[in-house]
Amino acid sequence: MGGMHQSGCQASFPGSFGLEPKLHQIDYEDVALSREGARLVHAGAKAVMRRYMPGADCEKLTRAQAVAMFVDQLFWEEHSGGLIMCADLPDTSLCLPIPRKHWSVRTGGAVQ
């Protein structure tokens, strides 16, 4: 299992309310999504499939498969406490914001 703060990536674009976002990479194994967080990722993954994979049947996509689509890069945003989950596609990266109330850092031992 990886550590919560793997690198201290700093974004170079302006954030909300005039604050520069402070992004810290986090390992997907250290993240626990709430039911609502998983629902948000599921809805986002379906939208990505409709746009970038028109031949795929997005209605058969499970929540676990949807979450797996967005574990290429994860970032914790220091000011908001939100999580940003990214999927690397061939020509672009797509990221979903997850509000802080819909995710947490896993605690305890490894899941078996």
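The values are calculated or read from the model by the stated rules, or taken from the named source; none is laboratory data. Values in this document were obtained by computation on a predicted structure and should not be read as measured data. Using ideal geometry, Cβ is built from the backbone for each residue, glycine included, and neighbour counts are taken over all protein chains shown. Side chains are part of the model used for accessible areas, which takes the heavy atoms of the whole protein and leaves out ligands, DNA and RNA. Shrake-Rupley method; radii C 1.70, N 1.55, O 1.52, S 1.80 Å.
Quick notes
- Accessible surface of the range 54-112 [probe 1.4 Å, protein heavy atoms]: carbon and sulfur percent: 53
- Full extension of the chain between His79 and Glu59 gives 3.7 nm of extra length, using 0.36 nm per residue less the Cα-Cα distance.
- Net +/- balance of residues flanking Ala87 in space, Cβ distance below 13 Å, scoring K and R +1, D and E -1: -1
- Model label points for Arg106 and Ala68, set 7 angstrom from Cα along the Cα-to-Cβ axis, are 1.6 nm apart.
- With the highest mean first, a sort of the peptides 31-40, 59-68 on other beta-carbon atoms found within 10 angstrom per residue produces 31-40, 59-68.
- Calculated accessible area for the range 20-66 comes out at 59 Å² per residue, all protein chains present (probe 1.4 Å; ligands, DNA, RNA ignored).
- Spin-label zone in the range 33-75 - amide nitrogen under 15 Å from a point set 7 Å from the Cα of Asp91 along the C-beta vector: 51-54
- Length gained when the stretch Ser34-Tyr52 is fully extended (0.36 nm per residue, less Cα-Cα span): 3.8 nm
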